[in-house]
Amino acid sequence: MQSDGQPVSEVFRICPACGAEIEQKAGPFICEKCNYANFFGPVLAVGALIENESGELLLVRRAREPGKGKWGLPGGFVDAGESAEQATAREVHEEVGITIEEFDYMFSGPNLYNYRGIVSPVVDLFFLCRLSAEVQIRLAVDELSEFIWTVPKPEHLDNMAFPSNRRALEFWLEHHSGSGR
Ligand SMILES: [Zn+2]
C-alpha cells in the first residue's frame, strides 16, 4: 500500500460548511461549530482485465505518477453521475482506444491513492472483458508509455503500480487463465 503521505482525514482542518478551524484527530471530520460531518468514505475506481482471443491480458505501462514506469490495468476513477460500467468503458476507450461493450464484474479490493502527499482511500472494482475479435490498441501517450499482451509472469506481478492490480492479476490467473478456451 502507498502509506507514505498523510491520510486525507488528518489534513482536513477547515470546515467546508462554516469555515471554522478544527483540530483534527483520526477518524471522521465533525465540525464542533455547525455539526457538519465528513466520513472520508472511499472513492470508486475501476480496472479492466482485457483478455484477447489467445488468452492473454492487456497490461499498460504508466507514464505518470503514481506508479510511473510500472505496469497497470486500463482504468481510473468513476466520475460523479457515472456507473462503474460506464466508467470502465470510458476509461478503456480513453486509455487504449478500444470500445468494449460486454464485460463482467469480477471482484473489488481496497486501495490507497497518494496524490501530492495526501492519501485517499479507494475501492477498486475489477471487470473482465473477453475480446472476440482482434483490436487495434491506441495508447493515451500522455498517460501510458507501452502496452503488452501477456499471461502475467512474476516480473509483471512484482512491478505493478498498485497492490490491488496485482491481486486482480492473481485472481485472473487462478480463475480464468486457460478456462473455457
Ligand atoms: Zn462547521
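Numerical summary
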item: Descending semi-axes in Å of the stretch 40-181, equivalent ellipsoid built from Cα gyration tensor; result: 22, 17, 16
item: Potential lengthening between E170 and V135 on full extension [0.36 nm per residue; Cα-Cα distance subtracted]; result: 10.2 nm
item: Magnitude of the charge dipole, the chain, Cβ model with Lys/Arg +1 and Asp/Glu -1, debye to 20; result: 460 debye
item: Rounded to 10°, Cα long-axis angle of helix 84-96 versus longest principal axis of the chain; result: 60 degrees
item: Dimensionless Rg over Rh [the stretch 1-41; C-alpha; Kirkwood]; result: 1.01
item: Reachable aspartates and glutamates from K25, criterion Cα separation under 20 angstrom, eight or more residues apart if same chain; result: D4, E10
item: Partnerless cysteines, meaning none of the other Cys C-beta atoms lie under 4.7 Å away, in the chain; result: C129
item: Charge dipole of the chain about the Cα centre (unit charges at C-beta), most positive-ward option of F103, L144, P66; result: P66
item: Qualifying lysines (Cα of each under 20 Å from Cα of K153; at least 8 residues distant if same chain); result: K68, K70
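Since every read-out is calculated from the coordinates, none of them should be taken as a lab result. This one's a predicted model, so the numbers in the text were calculated from it and none came from an experiment. Glycine also receives a Cβ, built like all others from the backbone with ideal geometry; neighbour counts cover every protein chain displayed.
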